[in-house]
Amino acid sequence: MAYFPDDMPGVEPNMDDAGFWDNCRRRELRFQACDACGMLRHPPSPICPHCHGTGVKWVQAPDEAEVYTYTVVHHASHPAVQSRLPYVVAVLEFPGLPGVRLVTNVTDIPPDRVQVGMQVGLWWDELKEGPPIPRFRPKESAAS
Amino acid sequence: MSRHDRAATIVGCGQSRFTRWGGIMEKSQFQITAEAISSALKDSGLTARDVDGFASFSNDANEGPLMQVALGVPEMRWSSMVWGGGGGGSIAALSQACAAVESGQAEVVVVYRGLCQGQTRRFGRFGQGRTHGNFVHPYGLFAPPQMLAMVVRRFMHLYPITEDHLAEIALNARANANRNPNAVMHGREMTKKDYLGSRWIAEPLRLFDCCLETDGACAVIVTSRERARDLPAKAVQVVAVAHGSGPAWGSGPLGSNNMPDEDYASTNNRRVAKTLFGKAGVKPTDIDVAQIYDHFSGMVLMALEDYGFCGRGESGAFVAEGNIRPDGGLPLNTSGGQLSEAYVHGMNLLIEGVRQMRSESSTQIKDAELCLVTGGLGVSPTSGVILGRD
């Protein structure tokens with residue numbers, strides 16, 4: 001079962017971010033980089049801010065990341081999350097991927113135990129519609 | 001006209017009544033906005049026939065060209081809208097009005113914002129069409145308090161900032177609102193216990209760390225100093241005004257996740273602050289009173305640092321020493337701000353700045369000569385102005 005109920009707002013890929021979601025469909029978390037100068041950027045963007053190249057490559061993310069910051073959400077700003085409260089939204093950083101920060105959820109842990117600097121591992125959440133969504137859980141339980 | 005004579009000057013301000021969201025249903029948002037402009041014109045001694053420009057921000061639905069028709073303005077020579085969906089552009093709209101007046105492209109520009117969240121939508125809720133929504137909505141990151149809670153969390157991780165310091169921002173705002181009969185929270189006192197007992201919205205932000213959701217409209221009138229001399233209203237100088245952004249702030253949700261690391265736990269105002277103080281030729285210690293955009297308490301603490309009122313990581317100690325109270329070194333948000341007066345995307349803070357410079361505030365700071373007013377924090381663009389007593 002998906003982490004959030006089926007009426008959760010989902011992904012509607014657009015011309016500039018479709019490549020990211022195509023990779024998610026293959027259960028691959030990859031970040032966009034300029035194929036001319038190699039500069040990473042996220043969310044995907046149609047032109048490289050460093051060299052103005054428009055060609056891209058998709059760099060594989062490591063399975064593990066670090067919590068840069070997070071919040072514990074207690075108030076439902078959309079009816080779909082009511083049954084999931086409180087839940088954790090975090091910003092993650094990835095070793096070896098400068099300039100990339102990913103907004104995601106940290107799951108499978110009591111919210112009051114989440115900490116900045118915590119190591120988390122990737123899991124894929126299959127939704128009823130749309131591409132699988134990358135979410136994370138504490139590293140020790142990532143394999144389960 | 002000399003450069004001095006052309007200098008932008010605020011000559012009038014007007015506002016609707018302020019209510020909780022959904023409180024103004026008997027009149028349309030457009031109507032109360034038009035009435036706020038009309039009242040600002042009366043305050044200035046000018047009429048609609050003198051107006052030739054409109055400036056707003058934040059996707060204001062009360063379009064300038066429609067406002068021209070509604071108010072009977074014979075000729076429009078300036079219309080502008082600042083990009084960005086939050087309050088970051090409030091003072092940027094003022095800066096556009098000043099640019100119009102000082103360049104001679106217009107003579108009398110109205111800066112305004114009307115916002116009835118009961119008639120449109122609540123900003124604290126999920127909204128379609130957010131930039132990069134695909135990268136936030138599937139995770140339940142929907143609204144500004146959640147997004148900026150993460151910035152505040154990082155700030156509290158890096159520096160000795162505690163819930164006591166967040167509380168002081170909220171308690172000061174409420175105490176000031178209780179001297180302001182027009183404030184939505186007037187008559188509702190708040191104790192530290194009330195603050196700590198308020199429910200979590202998105203940790204580390206409680207309900208009382210978050211701005212109100214209200215209905216209201218505000219307008220100010222900008223013209224040249226030369227024109228202001230012939231008007232009855234007390235003129236307020238725009239000593240320096242600026243807006244802008246550092247790198248990459250526009251790329252994340254509410255600019256909250258992809259700015260450079262050294263900028264992350266900040267408000268994106270350091271560059272604006274440097275420009276402002278440079279143009280004005282004054283230092284932070286010269287500022288007598290400040291109206292800092294208080295959508296969320298923790299962001300105000302960061303702004304105190306970004307504007308140089310205290311050092312990096314020292315804002316907690318700064319507010320704990322009583323500095324932001326009316327008898328402190330930097331009285332803050334003297335109308336009650338957006339935490340306790342009303343949330344009109346920062347335009348009510350600009351009006352309070354004008355009142356301070358005209359000695360008309362309900363929490364008047366004696367002999368105040370300079371007032372800082374900022375636009376929304378932690379977004380792109382951000383903006384600020386130093387107002388001066390004429």
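The values are calculated or read from the model by the stated rules, or taken from the named source; none is laboratory data. If you're wondering where the values come from, they're calculated on a predicted model, not measured in any experiment. Glycine also receives a Cβ, built like all others from the backbone with ideal geometry; neighbour counts cover every protein chain displayed.
Pick out, from region B:195-255, the strands (runs of 3 or more DSSP E) lying fully within it that include 3 or more residues that are under 20 Å from B:Gly353 (Cβ atoms) and either within 12 Å of chain A (Cβ to nearest Cβ) or among the β-branched types (Val, Ile, Thr) (or both).
Details: elements: B:200-203, B:214-224, B:236-244.
Of the strands (runs of 3 or more DSSP E) lying wholly inside region B:195-255, those with at least 3 residues that are under 20 Å from B:Gly353 (Cβ atoms) and either within 12 Å of chain A (Cβ to nearest Cβ) or among the β-branched types (Val, Ile, Thr) (or both) span B:214-224, B:236-244.
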Exercise for review: Tell me which of these A:Ala33 doesn't satisfy, since it passes every other one: (1) more than 13 Å from chain B (Cβ to nearest Cβ); (2) part of a loop (DSSP other than H, G, I, E, B); (3) in contact with a Phe, Trp or Tyr (Cβ under 8 Å, 6 or more places away or on another chain); (4) not basic (Lys, Arg).
Suggested key: (2)
Point to revise | Complete set of residues in region B:6-32 that are of a type in the set (A, V, I, L, M, F, W, C) and closer than 28 Å to B:Ser95 by Cα | key: B:Ala7, B:Ala8, B:Ile10, B:Val11, B:Cys13, B:Phe18, B:Phe30, B:Ile32
Check your understanding: How many of the residues making up region B:1-15 are more than 18 Å from the chain's Cα centre (by Cα), crowded, with 18+ Cβ neighbours inside 10 Å and over 17 Å from B:Ala235 (Cα atoms)?
Key -> 0
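Is one or more of the residues making up region B:285-304 surrounded by fewer than 16 Cβ atoms within 10 Å (Cβ to Cβ) and over 25 Å from B:Gly114 (Cα atoms)? Talk me through it step by step, then tell me what you get.
If we filter region B:285-304 for residues that are surrounded by fewer than 16 Cβ atoms within 10 Å (Cβ to Cβ), which is where we start, we get B:285-286.
Checking the rest, the ones that are also over 25 Å from B:Gly114 (Cα atoms) come to B:285-286.
Among the residues of region B:285-304, at least one is surrounded by fewer than 16 Cβ atoms within 10 Å (Cβ to Cβ) and over 25 Å from B:Gly114 (Cα atoms), which makes the answer yes.
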**Study point:** Number of the exception - B:Val184 against (1) at pLDDT 95 or above; (2) under 27 Å from B:Gly313 (Cβ atoms); (3) not in a helix (DSSP H, G or I)
**Key:** (2)
Review point. Taking the condition among the aliphatic types (A, V, I, L, M) and under 15 Å from B:Phe142 (Cβ atoms), does A:Leu92 pass?
Key: no
Review point. Which members of region B:194-223 meet the condition of being under 15 Å from B:Gly114 (Cα atoms) and not aliphatic (A, V, I, L, M)?
Key: B:Glu213, B:Thr214, B:Asp215, B:Gly216, B:Cys218
Exercise for review: Confirm whether B:Ala36 is aliphatic (A, V, I, L, M) and crowded, with 22+ Cβ neighbours inside 10 Å.
Suggested key: yes
Revision key, fill the gap. If we keep only residues of region B:74-130 that are β-branched (Val, Ile, Thr) and in a loop (DSSP other than H, G, I, E, B), then the residue modelled with the highest pLDDT is B:Val108
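Out of curiosity, is B:Ala290 modelled with pLDDT of 95 or more, under 30 Å from B:Thr33 (Cα atoms) and in a loop (DSSP other than H, G, I, E, B)?
Details: modelled with pLDDT of 95 or more: yes; under 30 Å from B:Thr33 (Cα atoms): yes; in a loop (DSSP other than H, G, I, E, B): no.
When the stated conditions are applied, B:Ala290 does not pass them.
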Review point. Here are B:Arg122, B:Arg174, B:Arg130: which of them is surrounded by fewer than 17 Cβ atoms within 10 Å (Cβ to Cβ) and either within 8 Å of another protein chain (Cβ to nearest Cβ) or in contact (Cβ under 8 Å) with a residue 24 or more places away in the chain (or both)?
Key: B:Arg122
**Study point:** Sole exception among (1) in a loop (DSSP other than H, G, I, E, B); (2) away from every other protein chain (no Cβ under 14 Å) for B:His165, by number
**Key:** (1)
Check your understanding: When you go through B:Ser266, B:Ser297 one by one, which is the residue that is at pLDDT 90 or above, closer than 16 Å to B:Ile169 by Cα and in contact with an Asp or Glu (Cβ under 6 Å, 6 or more places away or on another chain)?
Key -> B:Ser297
Revision key, fill the gap. Out of (1) over 23 Å from B:Met259 (Cβ atoms); (2) not in a helix (DSSP H, G or I), the one A:Asp22 does not meet is (2)
Review point. Restricting the search to region B:21-60, which residues are over 20 Å from the mean Cα position of the chain (by Cα), closer than 25 Å to B:Pro232 by Cβ, not in a helix (DSSP H, G or I) and not polar (S, T, N, Q)?
Key: B:Gly45, B:Leu46, B:Ala48, B:Arg49, B:Asp50, B:Val51, B:Asp52, B:Gly53
Check your understanding: Do we have B:Val354 as over 22 Å from B:Asn257 (Cα atoms) and either touching a residue at least 12 places away in the same chain (Cβ under 8 Å) or buried (at least 22 other Cβ atoms within 10 Å of the Cβ) (or both) here?
Key -> yes
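Name every residue in region B:30-67 that is without any contact (Cβ under 8 Å) to a residue 12 or more places away in the chain and under 11 Å from B:Ala217 (Cα atoms), in order of residue number. Reasoning before the result, please.
Narrowing region B:30-67 to residues without any contact (Cβ under 8 Å) to a residue 12 or more places away in the chain: B:31, B:47, B:63.
Listed by number, the list holds a single entry, B:Gln31.
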Review point. If the Cβ limit is 7 Å and pairs must be 6+ apart or interchain, which residue in region A:1-17 that is in the same structural domain as A:Gln32 (by TED's automatic domain parsing) and within 13 Å of B:Gly133 (Cα to Cα) pairs with which residue that is part of a loop (DSSP other than H, G, I, E, B) and of a type in the set (Ser, Thr, Tyr)?
Key: A:Asp16/A:Ser45
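Given the options B:Glu168, B:Glu163, name the one that is crowded, with 23+ Cβ neighbours inside 10 Å and under 25 Å from B:Ser256 (Cβ atoms). Break it down into steps so the answer makes sense when it comes.
Details: B:Glu163 fails: crowded, with 23+ Cβ neighbours inside 10 Å.
Of B:Glu168, B:Glu163, the one residue that is crowded, with 23+ Cβ neighbours inside 10 Å and under 25 Å from B:Ser256 (Cβ atoms) is B:Glu168.
Residue by residue through region B:16-31, note down the ones that are crowded, with 22+ Cβ neighbours inside 10 Å and more than 19 Å from B:Phe123 (Cα to Cα). Before the answer, list the steps.
Quick first cut of region B:16-31, residues crowded, with 22+ Cβ neighbours inside 10 Å only: B:16, B:18, B:21, B:24, B:29.
Matches in region B:16-31: B:Ser16 only.
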